[in-house]
Amino acid sequence: MLKETFFSTLGKYSVTQKQSESYWKEVVSCYSENGRYYHTLTHIKTLFDQLENKKHFFQNWDAVFFAIVYHDIIYNVSFYENEEKSAELARERLSNTSFPSQNISLCVSQILATKEHSDSESSDTNLFLDADLSILGQNRI
């Protein structure tokens, strides 16, 4: 369901099938890198599953969806700018679509919020962060 939603959501924003496939391959490749324990595609699918059936609570589900997909795409245990690099990649990819610039900024801010997991003025961000932290109570996936 995650892959299908990725393609259908991108498709709303003037993205070709070829471009969607390229982005999806990148997502799968990054989340499948060696050395990832929690920050895997399974984590992304879990977040999506937790939040997708509650998307009616979100003011901007598409921005949250892209934050889910991209928030851990860059991950190196010894690198201190994972969130910034992940947000930068999300901005680059989404800027090549017709996704509105204010929504790109919202998505980027949600990704950056995962660095500290502090309360936000945005209920969308808070719900996303709560779901992201739920991994801490799980066994290694």
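Each reported figure results from applying straightforward, stated rules to the coordinates on display, with no laboratory input. Keep in mind that this is a model prediction, so the values were computed, not measured. FYI the Cβ positions are ideal-geometry reconstructions off the backbone, even for glycines, and counts take in every protein chain you see.
Things to note:
- The criterion of being of a type in the set (K, R) and either in contact with a Gly (Cβ under 6 Å, 6 or more places away or on another chain) or farther than 21 Å from M1 by Cα (or both) does not hold for K55.
- Consider segment 112-133 and keep the residues that are in contact with a Leu (Cβ under 9 Å, 6 or more places away or on another chain) and part of a helix (DSSP H, G or I). The one that is farthest from Q50 (Cα to Cα) is A113.
- Identity of the residue in segment 25-46, free of Cβ contacts under 8 Å to residues at least 60 places away in the same chain and in a loop (DSSP other than H, G, I, E, B), that ends up nearest to I68 (Cα to Cα): H39
- Test: residue in segment 57-72 that is hydroxyl-bearing (S, T, Y), over 11 Å from the mean Cα position of the chain (by Cα) and at negative phi: no
- Residue within segment 1-10 that is of a type in the set (V, I, T) and free of Cβ contacts under 8 Å to residues at least 24 places away in the same chain present: no
- Qualifying residues in segment 64-109 (those that are among the aromatic types (F, W, Y) and touching a Leu at 6+ places or on another chain (Cβ under 7 Å)) - the one surrounded by the fewest Cβ atoms within 10 Å (Cβ to Cβ): Y70
- Any chance V108 is within 19 Å of L133 (Cα to Cα) and in contact with a Gly (Cβ under 7 Å, 6 or more places away or on another chain): no
- Meets criteria (more than 18 Å from L51 (Cα to Cα) and in contact (Cβ under 8 Å) with a residue 24 or more places away in the chain) for E92: no
- Number of positions in segment 1-19 that are on the phi < 0 side of the Ramachandran plot, among the polar types (S, T, N, Q) and either in contact with a Gly (Cβ under 7 Å, 6 or more places away or on another chain) or assigned to a loop (DSSP other than H, G, I, E, B) (or both): 1
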